[in-house]
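Written out below as structure tokens is the structure these notes cover.
The values are calculated or read from the model by the stated rules, or taken from the named source; none is laboratory data. If you're wondering where the values come from, they're calculated on a predicted model, not measured in any experiment. Neighbour counts are summed over all protein chains in view; Cβ atoms, including those assigned to glycine, are modelled from backbone coordinates with ideal geometry.
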Amino acid sequence: MSGDTEMGGTGGPRVPLQEKILDEYARLGPDDEFTFDCHPGVSCFNCCCSDVNIFLSPYDVLRLKQRLGLTSTQFLARHALVPIQKDMKTPVVLLKMRDDEKKTCPFLGENGCQVYSDRPWPCRMFPLGLAAQRDTPDGWRGERFYFLLEEDACKGFEEPRKWSVRDWLENQGIDAYDDWGEAYKELTLHEFFDNGGVLAPEKLEMFFTACYDLDKFRAFVFESTLLQRFDVDEDFVHEMSFDDEALLRFAFLWLRFSLFGEPTMRPRPEVLEAFQGSVDKKRVFGRTRAGGIVEAAP
Ligand code: SF4
Ligand code: SF4
């Protein structure tokens, strides 16, 4: 889809055909080229914005809810499907299609996408797909490559405009989405899950709220004792009181601390002292139980 104009593009994500892609698809780097264009003049214009599964990232939701002037809670209620499955490890949020015969995207108008400059990541990427490897010895960011999602129904491939992968990504404004995507992967691809960890339902709920329902999370941050218990820079606290991106950054740090025990938050000294005191008491009482020695708690 073309990124030249607010009304230019359509296109949605295609379910990754993981093994086939790894085995058969040509791997493209930033300087590889392809021909493609999407504009109102192509005969298939608008046809690919129906009946598609579009997985939304936290940053997709942030951009869309701001674009539509909705709170995150309103956006999720109106435009999202949040499937709940028993073995679910991390939250999943899908864009809800209209309830019409074609299951059209709610943001599709006669002239194309009506939220074009805030459209979700998968809509920006098409016709490129991205494959990233993560199991590398030096961390989770492994090799990444792009591939072309050629589809017969898409006449954009018959257009003469030539792109390099790098130019396409730049034209589609992918950078900010990629940065947030990488930060989100630090949660969703955490080694906790590789080691077989499963989050309790209330933790999964917190994961979802902090990442996707930012307005609800803001209420939690400012109306609970959270900020009294942790040492958070005052300017950062002020920023996240009105800035969704600052709040989302905080949400990721908070989740890494609270779900996986990473040292991404600093408890205030008095909280640590109180905690230490309670640990010492437990130790003393533990010895009492184990050894039958009567000791007074400090
Ligand atoms: S968000 Fe826009 S580009 Fe994406 S499927 Fe909907 S109308 Fe198409
Ligand atoms: S099918 Fe291809 S050319 Fe047609 S509207 Fe979708 S992305 Fe554009």
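List the number of the failed condition for VAL93; all other conditions in (1) surrounded by fewer than 21 Cβ atoms within 10 Å (Cβ to Cβ); (2) closer than 30 Å to LEU22 by Cα hold.
So the condition that VAL93 fails would be (1).
A quick yes/no check of all residues on (1) modelled with pLDDT under 95; (2) assigned to a helix (DSSP H, G or I); (3) of a type in the set (S, T, N, Q):
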position	(1), (2), (3)
SER117	no, yes, yes
ARG141	yes, no, no
PHE145	yes, no, no
ASP152	yes, no, no
ASP167	no, yes, no
ASP178	yes, yes, no
ALA183	yes, yes, no
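Check segment 187-202 and report whether any residue there is surrounded by fewer than 16 Cβ atoms within 10 Å (Cβ to Cβ), part of a loop (DSSP other than H, G, I, E, B) and among the acidic types (Asp, Glu). Reasoning before the result, please.
Within segment 187-202, the subset surrounded by fewer than 16 Cβ atoms within 10 Å (Cβ to Cβ) is 188, 191, 193-198, 200-202.
Now narrow it down to the ones that are part of a loop (DSSP other than H, G, I, E, B): 195-198, 200.
With among the acidic types (Asp, Glu) added as a condition, the list becomes none.
No, because not a single residue in segment 187-202 is surrounded by fewer than 16 Cβ atoms within 10 Å (Cβ to Cβ), part of a loop (DSSP other than H, G, I, E, B) and among the acidic types (Asp, Glu).
Each row is one residue, and each column tells you yes or no for (1) surrounded by 15 or more Cβ atoms within 10 Å (Cβ to Cβ); (2) under 22 Å from PHE75 (Cβ atoms); (3) among the basic types (Lys, Arg).
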| site | (1), (2), (3) |
| --- | --- |
| ALA219 | no, yes, no |
| LEU226 | yes, no, no |
| ARG229 | yes, no, yes |
| ASP243 | no, yes, no |
| PHE252 | yes, yes, no |
| PHE257 | yes, no, no |
| PHE260 | yes, no, no |
| MET265 | yes, no, no |
| GLU273 | no, no, no |
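Working only within segment 30-53, note down all residues that are more than 10 Å from ligand 2 (Cβ to nearest atom) and either within 22 Å of GLU170 (Cβ to Cβ) or among the basic types (Lys, Arg) (or both).
PRO30, ASP31, ASP32, GLU33, PHE34, THR35
Is it the case that some residue within segment 151-167 is within 14 Å of ligand 1 (Cβ to nearest atom) and of a type in the set (A, V, I, L, M, F, W, C)? First the steps, then the outcome.
To start, the set of residues in segment 151-167 that are within 14 Å of ligand 1 (Cβ to nearest atom) comprises 154, 156.
Among the residues that remain, those that are also of a type in the set (A, V, I, L, M, F, W, C) are: 154.
Checking segment 151-167: at least one residue is within 14 Å of ligand 1 (Cβ to nearest atom) and of a type in the set (A, V, I, L, M, F, W, C).
Of THR5, THR35, THR104, which residue is modelled with pLDDT under 90 and over 21 Å from the mean Cα position of the chain (by Cα)? Explain how you work it out, then say what you get.
Working: THR35 fails: modelled with pLDDT under 90; THR104 fails: modelled with pLDDT under 90.
The unique qualifying residue is THR5.
Residues that are outside any loop (DSSP other than H, G, I, E, B) and not hydrophobic (A, V, I, L, M, F, W, C): does segment 91-107 have at least one? Break it down into steps so the answer makes sense when it comes.
Let us first name the residues in segment 91-107 that are outside any loop (DSSP other than H, G, I, E, B), namely 94-95, 104.
Filter once more, keeping what is not hydrophobic (A, V, I, L, M, F, W, C): 104.
The answer is yes; a qualifying residue exists.
Within the bounds of segment 9-22, is there any residue that is modelled with pLDDT of 50 or more, in a loop (DSSP other than H, G, I, E, B) and within 15 Å of ligand 2 (Cβ to nearest atom)?
Applying the first criterion (modelled with pLDDT of 50 or more) to segment 9-22 yields 17-22.
Next cut, in a loop (DSSP other than H, G, I, E, B) only: 17.
Still in the running and within 15 Å of ligand 2 (Cβ to nearest atom): none.
No, that holds for no residue.
Return yes or no: is LEU95 under 19 Å from the mean Cα position of the chain (by Cα) and either of a type in the set (Gly, Ala, Ser) or within 11 Å of ligand 1 (Cβ to nearest atom) (or both)? Break it down into steps so the answer makes sense when it comes.
Working: under 19 Å from the mean Cα position of the chain (by Cα): yes; either of a type in the set (Gly, Ala, Ser) or within 11 Å of ligand 1 (Cβ to nearest atom) (or both): yes.
Judged against the criteria, LEU95 is a match.
Being away from ligand 1 (no atom under 13 Å from the Cβ) and in contact (Cβ under 8 Å) with a residue 24 or more places away in the chain is the filter here; which residues of segment 40-56 pass it? First the steps, then the outcome.
If we filter segment 40-56 for residues that are away from ligand 1 (no atom under 13 Å from the Cβ), which is where we start, we get 40-43.
Across segment 40-56, the qualifying residues are PRO40, VAL42, SER43.
If a residue must be free of Cβ contacts under 8 Å to residues at least 24 places away in the same chain and not in a helix (DSSP H, G or I), how many such residues does segment 60-79 contain?
Result for segment 60-79: 2.
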